[in-house]
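Each value in this text was obtained by applying a stated rule to the coordinates, not by laboratory testing. Quick caveat, the model's predicted, so the values are computed rather than measured. Neighbour counts run over all protein chains shown; Cβ positions are idealised from the backbone, glycine included.
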Amino acid sequence: MRGLKRQLSGLLSDRPDHELVGVIKMPELTVSPMRSIVKRIVGALLALLATVLIVYLDRDGYRDANGDGLSLLDSLYYATVSLSTTGYGDIAPATSSARLVNVLVITPLRVLFLIVLVGTTLEVLTERSRQAFKIQKWRTKVRDHTVVVGFGTKGRSAVKSLLGDEDLAAHQVVVVDTDQQALDAAGALGLVTVHGSATRSDVLRVAGVQHAKAVVVAPNRDDTAVLVTLTARELAPKAHIVASVREAENVHLLKQSGANQVVVSSETAGRLLGMATATPLVVDMVEDLLTPESGLAIAERAVEPSEEGGSPRHLPDIVLGLVRDGTLYRVDAPQADAIEPGDRLLYVKKVTSAEKIER
């Protein structure tokens, strides 16, 4: 009855974890084909040795056609024909040399045949099982992550900036998109991906948006951004939602829909283009500040106890602003004359070469 209700509703969030394989894709470690084959061979040998040990320790419970009991070679022979599902037929090796040939030559050929015949099917089933287990584990533990809607030019740049933050790991970013190629590119970076339209609440639930710390809305269309923001805000009232739009006239729609911050991509690019014609070096400096993995970067940090009561303009760091009770004050504002306990500073941070290598 529950299965019928899930089928009728059609909601992804109502499906069990094993049915989300293909919708949610967990990042995989890249393994070379040779290493994969070696691991399978080692696993088969361990299984064979374990079977031999079990049979040999319990050899009094077995009877040989010769009636002389089981030797270690007999146990090895029995293990190989049993694991390979060969069984006993009208032709069976009777001498030790024949059984040794069966173990050293025939069995490896038989295993190779089984790998070629059913290896692909087993690999698919194993992969689906691993993915289902990873999805189940991830959905039960995912908290305070960042959901990125859209992995186009804006979404990729947002993810690059997020991963430049030393406190955010790749598994803490979930990408939602309808383009499989974009999701494959995100998966190659080690990100969790969800295939579907973020305008649907069940897709966002599958991405865990209700437990997300932040949501980045970066689709290609402004109307899509409005719908996604409305849906995300309904599911995650406390999440910090940042949205991108092409036209400035749609900013108020995003604000009304629940976005905490709205970035106008066309106007920002236009300003940089205008500045580049007159002051190109200023644009280079702005790009340097916006690129966290090179040169200078704008960062945020808590105020140290020794800095309380002083002026942010007298600190060794180049302070741009001060955040107090969620409000940003520029460094030249009267409210920023003295640093108070609990304040946070926006400053220019120099990224060292060691930090670049680590990232």
Legend entry - Cβ crowding within 10 Å averaged over residues, with 336-344, 266-274, 200-208, 282-290 ranked highest first: 200-208, 336-344, 282-290, 266-274
Legend entry - Taking region 292-358 and dividing mean pair separation by its residue count, relative contact order in percent (alpha carbons under 8 Å, at least six apart): 47 percent
Legend entry - Percent RCO, i.e. relative contact order, over region 178-271, from Cα pairs under 8 Å lying at least 6 residues apart: 21 percent
Legend entry - Ile241 long-range amide H proximity, modeled H, under 5 Å: Val215, Asn260, Gln261
Inset, instruction - Extending each Cα 7 Å along its Cβ direction at Thr153 and Leu290, get the distance between those two points in nm, one decimal. - result: 1.1 nm
Legend entry - region 144-209, relative contact order [Cα under 8 Å, separation at least 6], %: 31 percent
Inset, instruction - Within region 160-261, list the GluC sites (Glu not before Pro) lying in a DSSP loop whose Cβ has at most 13 other Cβ atoms in a 10 Å radius. - result: Glu166, Glu247
Inset, instruction - Provide the per-residue ³J(HN,Hα) series for region 47-55, in order, calculated from phi with Karplus coefficients 6.51, -1.76, 1.60 and θ = phi - 60°, each as a whole number of Hz, with x at glycine and proline positions. - result: 5, 5, 5, 5, 5, 4, 4, 5, 5
Legend entry - Extension reserve of the Leu73-Ala50 stretch, reckoned as 0.36 nm per residue once the Cα distance is removed: 6.9 nm
Inset, instruction - Could you list which residues have their amide H under 5 Å from that of Val174, counting only those 5 or more apart in sequence or on another chain, with H placed in the peptide plane? - result: Thr146, Val147, Val148
Inset, instruction - Could you tell me which of the pairs Lys137/Lys350; Lys238/Lys349; Lys213/Lys350; Lys134/Lys255 are separated by over 32 angstrom between their Cα atoms in the structure shown? - result: Lys137/Lys350; Lys134/Lys255
